[in-house]
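The values are calculated or read from the model by the stated rules, or taken from the named source; none is laboratory data. Please read all numbers here as calculations on a predicted model, not as lab measurements. Every residue, glycine as well, gets a Cβ built from its backbone with ideal geometry; the counts of neighbours run over all protein chains shown.
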Amino acid sequence: MTDRGLTHPLTRNVHQDKRVTDLAAYEANGGYRGLRKAVEMTPADCLQVVKDSNLRGRGGAGFPTGMKWSFVPMDNAPPGHKYLIANADEMEPGTFKDRLLMECDPHQLVEGMICSAYTIQADIAYIFLRGEYIKSAQTLSDALREAYAAGYLGKNILGTDYSLELYLHTSAGRYICGEETALISSLEGKRANPRAKPPFPQVSGLWGRPTIVNNVETLCNICHILDRGADWFQQLGHGEDAGTKMYGVSGNVVNPGCWELPIGTTVREILEEHAGGMLPGYKMRGFLPGGGSTDFLTEEHLDLAMDYSTIGKAGSRMGTGTMIILDDQTCPVGMVKNLIEFFAHESCGFCTPCRDGLPWTRDVLEEIEAGRGREEDMGILNHQVAFIGAIGNTHCALAPGAMEPLQSALKYFPEDFERHIAGQSCPYCDAG
């Protein structure tokens, strides 16, 4: 593995021209070495390494990966299949990190999944891929074909007793499939509705069997952790969280994009050094730190570390680690309206607060943005935030997540809502 591979393991094979890393190039740079080490250990030993690494899920929740895996029945498990699923449905607004990894280095995900499946002793695995990711589907299909031909997949992997079948499944495309139980329902051929928990998927998931669902970035880390060790991974982070993180920035910045950086890198460094700062003539007013379903933060938060606990204490969530920038020439009311419209469209319709409450919220915001807002609309919005945004009032976290940008916009930018209503127009439209 190159020196860059030691500090930037996830993007060590990602080149400026975005060419795809084939099997030969992947192996030449240390590829499948983690798998070779994994099969020389017991699954229990592999699990302990993952636990010791302090890897937290990179899909948004940040739950410790090793702990999640430890809930899978092992020694006393009933006979039958176990499943591993890569959540590659990446539909969070503003998020594009997994796409980069799959399009440029597909074997990394394949190896990470084989190592992960071996650890939990899953014999069948699926990549649940967003249907619109056409290039990712092609690169992954080619990688799977190469991996089977090389003996990394199929029967008796690397001459061991372990066997794994890995399938690529392209989804019909709904945001709710990012929720693991809705994803499982969809994979079973059912409507993508979230399921009540318990039982948790680790015990009863796909077709009632033990199942682990992890994000693409999470799984890509596993082969490197098993190759280099837990201590190496812990030292990559800047704070209490371990490893590197794929961070992204979109909006009116000089260099929008995605970068692998030590987890705990500050918001200011990501925005100013890697994204190049704001475009000339624009000033930042706020940012959503982890995609469309996170709370706004503002300039006062620029020096915070982008890690799970720090951003959480500031009143938001790190989420996917992909920032959406709100500038001083963009209407925050209109921006929130667009997000709520997206979430209302993507609701599975299972529970009333989400099915009816999100469209109601969207309609109120549309009236305010169009210059037909009323003073009582602010009361309606605050009521929606308090009720729909409360965990436990809805069947899953989609609606509470949808309320996060709204509740924080009402907190940080109340004058914008008031100006819309008082002036019976959008000030930003008038200025344009």
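Figures for the structure shown
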{"read-out": "Matching option when the condition is of a type outside the set (Ser, Thr, Tyr) and surrounded by fewer than 16 Cβ atoms within 10 Å (Cβ to Cβ), among GLY334, GLY379", "value": "GLY379"}
{"read-out": "Matching residues in the range 209-229 - criterion: being over 30 Å from ASN29 (Cβ atoms) and either basic (Lys, Arg) or at pLDDT below 95 (or both)", "value": "ARG209"}
{"read-out": "Residues (surrounded by fewer than 17 Cβ atoms within 10 Å (Cβ to Cβ) and under 22 Å from the mean Cα position of the chain (by Cα)) located in the range 193-214", "value": "ALA196, LYS197, PHE200"}
{"read-out": "All helices (runs of 4 or more DSSP H) inside the range 315-432 with 3 or more residues being in contact (Cβ under 8 Å) with a residue 60 or more places away in the chain", "value": "332-346, 398-412, 414-423, 427-431"}
{"read-out": "Some residue of the range 247-254 being surrounded by fewer than 18 Cβ atoms within 10 Å (Cβ to Cβ) and within 24 Å of CYS331 (Cβ to Cβ)", "value": "yes"}
{"read-out": "Among residues of the range 1-44, those that are among the acidic types (Asp, Glu) and either more than 29 Å from ASP161 (Cα to Cα) or not assigned by TED's automatic domain parsing to the domain that holds ASN221 (or both), counted", "value": "2"}
{"read-out": "Top-ranked residue in the range 121-177 [being in contact with a helix residue (DSSP H, G or I) (Cβ under 6 Å, 6 or more places away or on another chain) and on the phi > 0 side of the Ramachandran plot; ranked as surrounded by the fewest Cβ atoms within 10 Å (Cβ to Cβ)]", "value": "GLY154"}
{"read-out": "The range 396-432 - residue that is small (Gly, Ala, Ser) and more than 30 Å from PRO198 (Cα to Cα) and, of those, modelled with the lowest pLDDT", "value": "GLY432"}
{"read-out": "Residue in the range 169-177 that is under 19 Å from VAL110 (Cα atoms), assigned to a helix (DSSP H, G or I) and out of contact with any strand residue (DSSP E or B) (no Cβ under 8 Å at 6 or more places or on another chain) present", "value": "no"}
{"read-out": "Helices (runs of 4 or more DSSP H) (entirely within the range 1-76) containing at least 3 residues that are more than 23 Å from ASN214 (Cα to Cα) and at pLDDT 95 or above", "value": "23-28"}
{"read-out": "Residue within the range 190-199 that is of a type in the set (Gly, Ala, Ser) and part of a helix (DSSP H, G or I) present", "value": "no"}
{"read-out": "Lone unmet requirement of (1) under 22 Å from the mean Cα position of the chain (by Cα); (2) closer than 19 Å to ASP231 by Cβ; (3) not aromatic (Phe, Trp, Tyr) for LYS37", "value": "(1)"}
{"read-out": "Lone qualifier among SER116, SER136, SER186, SER141 - being closer than 27 Å to GLY349 by Cβ, in a helix (DSSP H, G or I), small (Gly, Ala, Ser) and not assigned by TED's automatic domain parsing to the domain that holds GLY248", "value": "SER186"}
{"read-out": "Extreme residue, surrounded by the most Cβ atoms within 10 Å (Cβ to Cβ), among residues of the range 42-100 that are more than 30 Å from PHE296 (Cβ to Cβ) and among the small types (Gly, Ala, Ser)", "value": "ALA86"}
